[in-house]
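One structure is given here, and the rest of the page talks about it.
The values are calculated or read from the model by the stated rules, or taken from the named source; none is laboratory data. Owing to the predicted nature of the structure, the values given are computational and were not obtained by experimental measurement. Note that each Cβ is placed from the backbone with ideal geometry, even for glycine, and that neighbours are counted across all protein chains shown.
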Amino acid sequence: MDTTHYTLTLHDLTLNVILGVFDFEKEAPQTININLTLDFLTMPLACESDQHQDAICYAGLAEYLQNFCHGKTFQMIEHLSLQLTLQTQEYLSIPANISLEIFKNPPVDNLRLASFKVSLPWKNQSSF
């Protein structure tokens, strides 16, 4: 039984998004932080080839997610988390289970951070 795992984790990826329920939250984009884990179902080619074109381009994925958010308004981190997870799945060319957690600094005096996490198996196109 093969127990080899291939996992890529991006820590503290930042995106600027319009996110919130209150009008003042929607006036300008705010920075959110994301932890994104890709648990590949097969070995990525870059493991053997050592070639950039065989790897997941971090900059390309970050730009893809930022472009998705551009011009959109999101109210809830739950919704944004799911949408970014689905967009990540669309970006990938190699099968991977995805875990994406968003961290937001909410406008609550006694709360420093809030987060929401979505874990999605590869190409799970259930009732979203």
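Annotations
- Scanning region 32-75 for residues that are charged (D, E, K, R) and more than 28 Å from T4 (Cβ to Cβ) yields E63, K72.
- Positions within region 20-60 being of a type in the set (V, I, T), surrounded by 15 or more Cβ atoms within 10 Å (Cβ to Cβ) and in a loop (DSSP other than H, G, I, E, B), in sequence order: I56
- Hey, N67 in a strand (DSSP E or B) and at pLDDT 95 or above or not: no
- Residue, nearest to the chain's Cα centre (by Cα), within region 102-127, restricted to residues that are within 17 Å of I18 (Cα to Cα) and in a strand (DSSP E or B): I102
- Residue-level check: of (1) closer than 25 Å to D23 by Cβ; (2) touching a residue at least 12 places away in the same chain (Cβ under 8 Å); (3) out of contact with any Cys (no Cβ under 9 Å at 6 or more places or on another chain), L84 misses just (3).
- Among (1) surrounded by fewer than 15 Cβ atoms within 10 Å (Cβ to Cβ); (2) under 19 Å from L8 (Cα atoms) - the single one G71 does not satisfy: (2)
- E63 meets all of the listed conditions (1) surrounded by 14 or more Cβ atoms within 10 Å (Cβ to Cβ); (2) under 25 Å from W122 (Cβ atoms) but one, namely (1).
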